[in-house]
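Report on one structure; see the data block that follows.
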Amino acid sequence: MSGILTALLPLIGLVAIILTLGLLLRGKDFLRALSGENPQSSSRLDGPPPYRLKPHLISEPEANLAHLLEQIAAHREERLHVQVPLSALLEIPPGTDNPQAWRNKIDRKSLDFVLADTAYTPIVAIEYDDSSHQQRKRRERDAFVEDALESAGLPLVRIGYHERLDLQSLDARLGEAARSGGHS
């Protein structure tokens, strides 16, 4: 057994030298690489931001719905808002247990549309349910959003991609949801 250790001793010394040099030369990047983490994913990014402007804020079917909602909002003297983050609508009351965990649950979630009055008070939320809403993960997300909005007292109207809507029926549906404070 001591013969194996004697044979491995130069190799162990070489590994120790490589680790020491790696730490001295590359520090955190070297440790990230050893742990399997991509050194490029560090919080320090070099160069200009690689972003580009998306061609549209919303999809074409959402834009078609938005045109109807804009007409309804104008008739009611309300305002239509698109892609509204839940964190812009919902707050965590003081004294809530684990407030950061509850904030995290609404982080990076948004509603397709929100109708608000002229003082920017939300009246009703509208979700356009395209075919992606059939996926299990999306249904779980939708159920959470419904529960969160219900808890906060903001009515939600869900509109399926297969629905054929006209201005009057959509206006009536939104008005009923706003009056009842419920979900449809």
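The values are calculated or read from the model by the stated rules, or taken from the named source; none is laboratory data. Small disclaimer: the values here were computed from a predicted structure and weren't measured. As a convention, Cβ positions derive from the backbone with ideal geometry for all residues, glycine included, and neighbour counts pool all protein chains shown. Heavy atoms of the whole protein, side chains included, go into the accessibility calculation; ligands, DNA and RNA do not. Shrake-Rupley method; radii C 1.70, N 1.55, O 1.52, S 1.80 Å.
Tallying residues that are open to solvent by less than 90 Å² (accessible area, probe 1.4 Å) and either assigned to a loop (DSSP other than H, G, I, E, B) or in contact (Cβ under 8 Å) with a residue 24 or more places away in the chain (or both) within region 45-65 yields 6. Scanning region 156-173 for residues that are of a type in the set (Asp, Glu) and farther than 22 Å from residue 132 by Cβ turns up 166, 171. Counting the residues of region 106-141 that are buried (at least 17 other Cβ atoms within 10 Å of the Cβ) and either in a helix (DSSP H, G or I) or among the β-branched types (Val, Ile, Thr) (or both) gives 5. Within region 161-169, one or more residues are closer than 18 Å to residue 74 by Cβ and of a type in the set (D, E, K, R). Do we have any residue at all in region 152-171 that's without any contact (Cβ under 8 Å) to a residue 60 or more places away in the chain, surrounded by fewer than 18 Cβ atoms within 10 Å (Cβ to Cβ), aliphatic (A, V, I, L, M) and over 21 Å from residue 63 (Cα atoms)? Within region 152-171, none of the residues are without any contact (Cβ under 8 Å) to a residue 60 or more places away in the chain, surrounded by fewer than 18 Cβ atoms within 10 Å (Cβ to Cβ), aliphatic (A, V, I, L, M) and over 21 Å from residue 63 (Cα atoms).
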